[in-house]
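Step one of this worksheet: look at the structure below.
Read-outs throughout are calculated quantities, based only on the coordinates presented, and are distinct from any laboratory measurement. Since this is a predicted model, take the numbers as computed values, not measurements. For neighbour counting, all protein chains shown are included, and Cβ atoms are generated from backbone atoms with ideal geometry for every residue, glycine included.
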Amino acid sequence: MRKQIAAANWKMNLSYQEAENLLNEILSAEITLALHQQVLFAVPFPYLIMGNSEVADDQGYFIAAQNCSEKKNGAFTGEVSAEMIKSIGIKYVIVGHSERREYFNETNETLAGKANACLEQNLIPVFCCGETLSIREERRQNNFVQGQLEQSLFHLSSVEIKNIIIAYEPIWAIGTGQTASVEQAQEMHEYIRKALTTKYGVEIANEISILYGGSVKANNAQEIFSCPDVDGGLVGGASLVATDFVQIIKALKK
Ligand code: PGA
């Protein structure tokens, strides 16, 4: 079975102490993961090392960075390179979250560079895509997401694309409490998998995990995750509440 993944995106929240407590609380639920299940915690940069040591003994639990630079190194004050992230033992990086696209002007082209930078360091990008409300209202969401994939990922080889996790996050559902319906989620995930199939063949497309993100909560995770092409979720708000995120981990496909 493809990897089923519950990924927490803490964004710019929590003090160091609060982050450590939250991580401990979630880990103390001692949910044993099956081999095809994984849990990621995308934490702010200053907490990566602490997080990594907290999850070290927990099979299938990993820490992720929320961003990295597309540049290798040099005079880019304030940026953090893929090599730096790799050098502290981190394996996953969120790339192209819609908040970074919107507030930090990350384009599909920049994100192609970030995906490359990650893969060069053997880091696994969690690549985010998804449309705005107006694009969905105009029923252009499929072409729009296809364009994001084509421009940021489809230059990758068959070997490289297998090391990508995709997160479909309709922007209108992020932080709004308005989740995509199960039908909308499945429809887009199926569409993404078809696009991957056309480009890379069915075998590779069937291996790539596609997560859903946008108001995943403890009480809707199971229904969303049960869609055949949904392989877990990227979770913002609900990942900041230990009991909720524990429920979300338990909702992964068995
Ligand atoms: P949300 O955020 O779960 O709070 O909607 C999801 C995300 O931004 O990854």
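Numbers for the structure displayed
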quantity	calculated
Residues 240, 153, sorted so that the one with the fewest Cβ neighbours within 10 Å comes first	240, 153
The stretch 169-254: proportion of alpha-carbon pairs further apart than 16 angstrom, %	50 percent
Under 20 Å from residue 72, Cα to Cα: aspartates and glutamates that are on another chain or at least 8 residues apart	83, 106, 109, 120, 160
Local electrostatic count at residue 169 - Lys and Arg +1, Asp and Glu -1, tallied over other residues with Cβ under 13 Å	+1
Contact order normalised by residue count of the stretch 49-159, Cα under 8 Å, 6+ apart, percent	24 percent
Percentage of interatomic Cα-Cα distances in the stretch 70-133 larger than 18 Å	35 percent
Residue 93 long-range amide H proximity, modeled H, under 5 Å	65, 124, 126
Debye intensity ratio I(q)/I(0), log10, the stretch 9-144, q values 0.21 Å⁻¹ (C-alpha model)	-1.25
When the stretch 101-230 is reduced to its Cα atoms, the Kirkwood hydrodynamic radius in Å	15.0 Å
In order through the stretch 116-130: 3J(HN,Hα) via Karplus (6.51 cos²θ - 1.76 cosθ + 1.60), integer Hz, x for Gly, Pro	4, 4, 5, 5, 4, 9, 6, 8, 9, x, 9, 8, 9, 9, x
For the chain, with +1 on Lys and Arg beta carbons and -1 on Asp and Glu, the positive-most of 180, 204, 33 along the dipole	204
Simple Cβ-charge dipole of the chain, Lys/Arg +1 and Asp/Glu -1, about Cα centre, in debye nearest 20	360 debye
Over the stretch 1-52 - Rg/Rh using Cα atoms and the Kirkwood inverse-distance radius	1.00
Mean separation of Cα contacts under 8 Å, 6 or more apart, over the residue count of the chain: relative contact order %	21 percent
Estimated dipole of the stretch 1-140 in Debye, rounded to 20 [Cβ of Lys and Arg +1, of Asp and Glu -1, Cα centre]	500 debye
Rounded Å value of the spacing that divides the Cα centres of the stretch 127-163 and the stretch 197-242	15 Å
Helix-only [θ]222 nm of the chain, DSSP H runs n ≥ 4, -39500 (n - 2.57) each, per residue, nearest 500	-11000 deg cm²/dmol
Reachable lysines, given that their alpha-carbon falls under 21 Å from the alpha-carbon of residue 71 and they are not under 8 places away in the same chain	86, 91, 114
Convex hull volume per residue in cubic angstrom - Cα atoms of the chain	117 Å³
